[in-house]
Amino acid sequence: MHHFQYKNNELYCESVSVTKIAEDVGTPFYLYSHATLKRHFEAFNGAFEGMNRLVCFSAKANTNLAILHLFASMGSGLDIVSGGELYRGLEAGFSPGKIVYSGVGKKIDEIDYAISSKILMFNVESLEELELINSRAKNLKLKAPIALRVNPDVDPKTHPYISTGLKKNKFGIESDAALEAYKAAMEMKNIQIIGIDCHIGSQITQVRPFEDALTKLKLLAGTLKELGIIIQYLDMGGGLGITYSDESPPHPVEYAKALVNSLKETSLALILEPGRVIVGNAGILVTQVLYRKSGKIKEFAIVDAAMNDLMRPTLYKAFHAIEPVKKTEKGTIIADVVGPICETGDFLALDRQIADVQRGDFLAVMSAGAYGFTMSSNYCSRPRAAEVMVYKDRFEVIRQRETYQDLNKGESIPSFLL
Ligand SMILES: *Cc1c(COP(=O)(O)O)cnc(C)c1O
């Protein structure tokens with residue numbers, strides 16, 4: 001499954017031995033399977049076959065240029081949340097007419113950049129933002145196409161840190177206030193209303209919350225129509241979950257069926273912003289065991305990947321399976337898999353049954369393709385990991401491991417200290 005398979009007890013990514021890559025590029029590194037990335041995009045996009053839709057890959061899940069380029073070449077659009085992601089998207093070859101821009105805190109320079117790049121639409125998250133976009137568009141003598149991000153107040157039943165569509169969340173405009181906001185937008189000369197948007201959360205493993213959100217959005221579209229505001233795009237955001245351990249999220253086909261059924265009678269085009277479901281299981285993080293240590297009550301495997309490389313376990317208590325790159329007969333241990341960083345929160349797994357590894361062994365942290373590298377940092381002056389893509393029996397580094405010289409790029413000692 002997912003092109004990460006054992007052959008003769010050796011983990012392979014497509015037709016390449018993971019050990020071979022590890023010996024070649026060093027550890028830690030992120031490893032992506034081209035075939036899996038492609039298959040996941042096709043499965044998702046294909047699920048909406050026959051439907052007027054645009055799938056906009058959510059950049060923040062994985063912004064590697066090679067991966068963005070692959071999706072762009074497959075006809076994908078891009079969902080961005082910053083000027084930096086717009087820059088990367090354009091560099092990777094996305095056409096600006098397929099880029100949607102969400103986020104509660106867009107800055108003036110980011111707004112100007114997006115307006116003049118002629119993106120498909122802004123997903124606007126507040127009235128003040130709407131006013132600012134209008135005035136910046138006026139300045140640039142352009143019209144800014146927008147959707148309002150509505151907070152539909154549905155419970156996605158996911159981790160509180162990744163639920164975004166509840167009244168108490170900072171995202172979007174509350175349902176009750178949306179109508180007034182649209183009326184205000186209608187009066188703005190440099191605003192062109194083209195859509196309604198929502199994004200209710202991430203790692204959602206049921207269809208129901210999406211259906212509930214869509215019902216609310218459709219209602220709003222109907223009300224807007226009566227006011228003479230014609231909506232072309234319904235943006236349902238992202239959020240479809242994946243299997244990290246024993247979750248059984250709906251297949252994209254099931255998800256699509258639910259949405260398409262509910263949209264049959266309308267002429268609305270659908271925009272979707274999947275992130276995790278496309279890249280999550282298309283990547284792993286490969287790390288090497290540095291030491292074993294036995295405490296009175298704990299067993300530790302100390303590895304060379306840390307919370308700065310993969311933040312999800314400590315940030316969300318997220319589960320990532322940890323598999324040996326080479327399977328042996330040695331059986332298993334229960335251990336904490338921890339990194340070198342001086343924080344108790346620096347772990348990849350706690351009290352986990354893993355292979356009985358020793359110094360020098362390689363481990364694969366599974367399902368690490370989404371929110372892995374993109375959330376990584378240089379904490380403790382650790383150069384960020386390399387990224388590698390496998391294509392059939394070939395592999396290529398798609399991001400060099402950072403060097404020590406990269407670490408203080410842009411820093412200087414001021415003259416008054418010299
Ligand atoms: C993060 C995000 C997504 C992608 O979410 P996934 O759970 O990775 O599919 C889509 N849209 C918006 C607005 C987001 O913030």
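The values are calculated or read from the model by the stated rules, or taken from the named source; none is laboratory data. Worth saying up front: this structure is predicted, and the values here are computed from it rather than measured. FYI the Cβ positions are ideal-geometry reconstructions off the backbone, even for glycines, and counts take in every protein chain you see. SASA here: full protein model, heavy atoms, side chains in, ligands and nucleic acids out. Shrake-Rupley method; radii C 1.70, N 1.55, O 1.52, S 1.80 Å.
Peptides 241-249, 302-310 ranked from most to least packed, by the mean per-residue count of other Cβ atoms within 10 Å: 302-310, 241-249. Take the stretch 34-277, drop everything but the C-alpha atoms, weight them equally and run the Debye formula without solvent; then report log10 I(q)/I(0) at 0.09 Å⁻¹ to two decimals. Each listed q maps to, in turn, -0.34.
First compute the accessible area of the chain with a 1.4 Å probe, then give the percent of it belonging to carbon and sulfur atoms.
Details: 9690 of 19030 Å².
After summing per-atom areas, the C and S share lands at 51 percent.
Annotation for the stretch 37-129: trypsin sites (Lys or Arg not before Pro) lying in DSSP loop with at most 14 further Cβ atoms inside 10 Å of their Cβ are 107, 118.
Simple rule: put +1 on each Lys or Arg Cβ and -1 on each Asp or Glu Cβ in the chain, find the dipole, and look at 415, 75, 181; the Cα lying farthest toward the positive end is 75. With both labels modelled 7 Å from their Cα along Cα-to-Cβ, the residue 413 to residue 174 distance reads 5.5 nm. Each other residue within a Cβ distance under 14 Å of residue 22 adds +1 if Lys or Arg and -1 if Asp or Glu, for a net charge of -4. Over the stretch 212-259, the alpha carbon radius of gyration divided by the compact-protein estimate 2.2 N^0.38 Å works out to 1.54.
For the stretch 138-237, which GluC sites (Glu not before Pro) are both in a DSSP coil and crowded by at most 11 other Cβ atoms within 10 Å?
Numbers: sites: 174, 180, 187, 211, 226; in loops: 187.
Hits after loop and neighbour filter: 187.
Here the Debye sum runs over all C-alpha atoms of the stretch 221-298 as equal scatterers in vacuum, and log10 of I(q)/I(0) at q = 0.26 Å⁻¹ comes out as -1.26. May I ask which residue of 111, 239, 250 lies farthest towards the positive end of the charge dipole of the stretch 34-277, with charges of +1 (Lys, Arg) and -1 (Asp, Glu) on Cβ and the Cα centre as origin? My answer, from the dipole projection, is 111.
Please report how far the C-alpha centroid of the stretch 322-388 lies from that of the stretch 63-108, rounded to the nearest whole angstrom. Taking the Cα centre of the stretch 63-108 as reference, the centre of the stretch 322-388 is 30 Å away. Taking only the Cα atoms of the stretch 77-219, the ratio Rg/Rh comes out at 0.97, with Rh defined as the Kirkwood radius. Electrostatic bookkeeping for residue 202 treats Lys and Arg as +1 and Asp and Glu as -1; over the other residues with beta carbon under 13 Å from its beta carbon, the sum is +1.
Summed over qualifying helices (DSSP H, 4 residues or more, each -39500 (n - 2.57)) and divided by its residue number, the chain shows a 222 nm mean residue ellipticity of -8500 deg cm²/dmol.
Just want to confirm a number: the relative contact order over the stretch 1-124, from Cα pairs under 8 angstrom separated by 6+ residues, in percent.
Numbers: 144 pairs, mean separation 20.4, N = 124.
Answer for the stretch 1-124 is 16 percent.
Over all Cα atoms in the stretch 1-154, the spread is summed up by Rg and Dmax: 19.2, 64 Å.
Can you give the accessible area per residue of the chain, in Å², using a 1.4 Å probe? Please report the intermediate quantities before stating the final value.
On the way: 19030 Å² over 418 residues.
Each residue of the chain exposes 46 Å² on average to a 1.4 Å probe.
Eigenvalues of the alpha-carbon gyration tensor of the stretch 339-401, scaled by 5 and square-rooted, set the equivalent ellipsoid semi-axes at 23, 18, 12 angstrom, largest first. The orientation-averaged projected area of the convex hull spanned by the Cα atoms of the stretch 276-415 comes to 10.9 nm².
Determine the sum of side-chain charges near residue 400: Lys and Arg each +1, Asp and Glu each -1, restricted to other residues whose C-beta is under 12 angstrom from that of residue 400.
Working: positive: 384, 399, 401; negative: 387, 396, 402, 406.
It works out to a net charge of -1.
The GluC sites (Glu not before Pro) of the stretch 360-413 that meet both conditions, a loop assignment by DSSP and at most 10 other Cβ atoms within 10 Å of the site Cβ, are 411. With Rh defined as the Kirkwood radius, the inverse of the mean 1/r over Cα pairs, the Rg/Rh of the stretch 256-337 is 1.22.
Quotient of the Cα radius of gyration of the chain and 2.2 N^0.38 Å, N being its number of residues: 1.05.
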